[in-house]
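Shown next, in structure tokens, is the structure this report addresses.
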Amino acid sequence: MKITMKDINTDGSDFRAINYQQCVVHLDDATIEVNTVSCKNLEDVLGGFGRAYQILAQRDVSAAYSKENPLIVSTGLLTGTQIMTGLRTYFSSYSPLKVSNKGLPGAMWSAASGKFGSKLRWTGIDEIIFEGRSETPVILHVKQSDAGPKIKLIPAEKYSGLSSHAKIMVLREEFDDCHFAVIGEAGENYQHCYFGSVGCSTENLMKSNDDKCRWAGRAGMGSIMGYKNVLGIIADSRDKKVPLPGDIKELNKFIASGPGSRKYREVKKGGLGGTWSNYAALGKLNIVPENNYRPQANSNAQKLERPEVEKEFIVKGENCFRCAIACHKNIYQKEADGSKGKFLAKFDYEPLNLMSTNLGIHDGQQAAELVGLCDNYGMDSISLGGTISYVLDYNKRHPDTPLLNGASFGDFEKIRELVVQTGKGQCESVGQGVKQLSESLDETSYAMHVKGLELPSYLPETNPGYIWAIAGGHMSMQTYGILAADGDTSIEYWVDAIVNKGLYMVRDDLTGICKFSNLDNQRLVSAIKTLTGLAITEAEIRDAVRNAFIFGLWLEKKQGFDDSDYVLPEQSVTDRNEHIKVPQFLTPEYVEELKKQVFDSFNQEIDKLCQEIEKLCA
């Protein structure tokens, strides 16, 4: 991104002086253009979904799998800079999974860390837009050169059918010192699997040869890549090595050891041990999802808490590129002498829970195998686990007429079979996601999704904020843990939490830094000033983030989302679970009143933005 400081007003408001480099790939005829684009507003400058959604808004898309639907690969303003965690890449499109009740696809983004985003920025490209569809499999090669980025499509038939990890391993042998974004078999089988993911390579993966991608998992961005017949992207650039400014050095120390990243660091570094620590914290309240988000009156969830798993396996905290948080909790076999053996899987809270406890699986070895298979086929573990748990619940309720292979909670072999079949495109019942599966069966009350996106590992009984999440329940609305923390069930509390607090967690889906840094706005604007020369205020950051979120709600309305889409799973509102140890406050009347008050606020802001939106879409 090029910033010409002499052209910027002292208040930083003239964003037209800021340009970014956009690559448009026309897959229909294999032509490529590189454009220098002037920013229109601060959302454009910050990047990520804030810029991508403005592009998506200009498209009329009635089906996710259509040539009219672009796939946008974006970076953030701080991607590839010297700030710790400045690594993120964003994949945005209209989703095959997030679909309104009118049948129109919703706009979505999914983010990944790793080194791919930095390598892409260092080629000189800030954004890639894939238009149309290639008739044959291709890979995009973006290469840095002294004359500017050189970009070409290369035939990719020989990579078809390989797992995500195998693709990266083969590409690495052919393209030295590069990083990659690839899809697995699930993405290639997009017709039968709507939640294919995009795997982005990491330094750890390249050095260890282990399957350690970082994933843009949610909403089927890998399936969109598969539809377009794009199997991967190669970012081919030299590592950017420049002196680290003193204030950024101090900031990085703060990120690595400060309160914001504490939850994700290892205990020996003053942390809580990662998102995995939710097992113990939420387990005390018996709100760890089990058996399709329905905690039981037992202690089974404790069997997969980290101290229990460490009795049989080696758990090692490992890093992304130039990051000291070490949020990756990688699981290895423990050899007879206690040493580290074969790599098995990476345990984050969501993949672990939704691919094990929530399926009635309470064995560490089995959990690691299911999580590893999900990654290897390139699927979103939240959607896969949430849909399979529905199948198991359905089979429990209909023992005489079960679905598919008749799998039940805890039946590892049959659950494993469903995972493999889905990854290979042989089980569309699961691959279409829980919304469409449950509607086809006319049995939706215990289908755990909102707006077509399967829920993360926080019970809907504890989080009505799910209704307003624009890109996945726990990554675009920060209300998922507040009932456990505060215990407040008042309407006033929840309206404030949603309208004035929770939405701001999407900030780093623009900026390029990781949410696990939990950096405050004061330090963020200081870092932006140091690293880019751009002087913006904390208030401007907040306004840009809010505008981007409100824009996302407007895009939902554009795609037909209405009151019937903004609902929680019926079971969570009408059928209380006596085993849960938090207030169960949701009723149909409560939810309707909450919706009224929240939308009264948000709709006013959407109306204020309408004129700007109409200008943009004209």
> For the stretch 239-259, how many residues are crowded, with 18+ Cβ neighbours inside 10 Å and not hydrophobic (A, V, I, L, M, F, W, C)?
Replying inline: 1
>> I need the full set of residues from the stretch 162-201 which are more than 26 Å from ASN330 (Cα to Cα), open to solvent by 40 Å² or more (accessible area, probe 1.4 Å) and within 24 Å of the chain's Cα centre (by Cα), in order please.
In response: GLU188, ASN189, GLN191, HIS192
> Taking the stretch 439-481, which residues are open to solvent by less than 30 Å² (accessible area, probe 1.4 Å), over 19 Å from SER100 (Cβ atoms) and outside any loop (DSSP other than H, G, I, E, B)?
Replying inline: PRO460, GLU461, THR462, PRO464, GLY465
> Looking at (1) touching a strand residue (DSSP E or B) at 6+ places or on another chain (Cβ under 9 Å); (2) at negative phi, can you tell me which one LYS207 breaks?
Replying inline: (1)
> Any idea which residue in the stretch 519-534 is most open to solvent (accessible area, probe 1.4 Å), counting only those that are in contact (Cβ under 8 Å) with a residue 60 or more places away in the chain and in a helix (DSSP H, G or I)?
Replying inline: ARG523
>> Just to be sure I understand the filter: pairs with C-beta atoms under 8 Å, separated by 6 or more residues or on different chains, first member in the stretch 567-591 and acidic (Asp, Glu), second member surrounded by fewer than 19 Cβ atoms within 10 Å (Cβ to Cβ). Which pairs pass?
In response: GLU570/THR444; GLU570/SER445; ASP575/SER445
> Out of the residues in the stretch 359-377 that are touching a Lys or Arg at 6+ places or on another chain (Cβ under 9 Å) and buried (at least 22 other Cβ atoms within 10 Å of the Cβ), which is nearest to GLU185 (Cα to Cα)?
Replying inline: TYR377
> Of everything in the stretch 202-224 that's open to solvent by less than 10 Å² (accessible area, probe 1.4 Å) and assigned to a helix (DSSP H, G or I), which residue is farthest from SER93 (Cα to Cα)?
Replying inline: LEU205
> Name the pairs whose Cβ atoms lie under 6 Å apart, with the first residue in the stretch 326-342 and of a type in the set (S, T, N, Q), the second surrounded by fewer than 20 Cβ atoms within 10 Å (Cβ to Cβ), and 6 or more positions between them or separate chains?
Replying inline: ASN330/LYS316; ASN330/GLU318; GLN333/GLY341; GLN333/LYS342
> Do we find a residue being open to solvent by 20 Å² or more (accessible area, probe 1.4 Å), of a type in the set (Asp, Glu), in a helix (DSSP H, G or I) and touching a residue at least 24 places away in the same chain (Cβ under 8 Å) anywhere in the stretch 295-305?
Replying inline: no
>> Can you pull out every residue in the stretch 408-437 that is among the small types (Gly, Ala, Ser) and buried (at least 23 other Cβ atoms within 10 Å of the Cβ)?
In response: GLY423, GLY431, GLY433
> GLN333: open to solvent by 30 Å² or more (accessible area, probe 1.4 Å) and touching a strand residue (DSSP E or B) at 6+ places or on another chain (Cβ under 6 Å), yes or no?
Replying inline: yes
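The values are calculated or read from the model by the stated rules, or taken from the named source; none is laboratory data. Just so it is clear, the model here is predicted, and its values are computed rather than measured. Quick reminder, even Gly has a Cβ in these numbers, built from the backbone with ideal geometry, and neighbours come from all protein chains shown. Just so you know, the surface numbers come from the protein's heavy atoms only, side chains and all, with ligands and any DNA or RNA stripped out. Shrake-Rupley method; radii C 1.70, N 1.55, O 1.52, S 1.80 Å.
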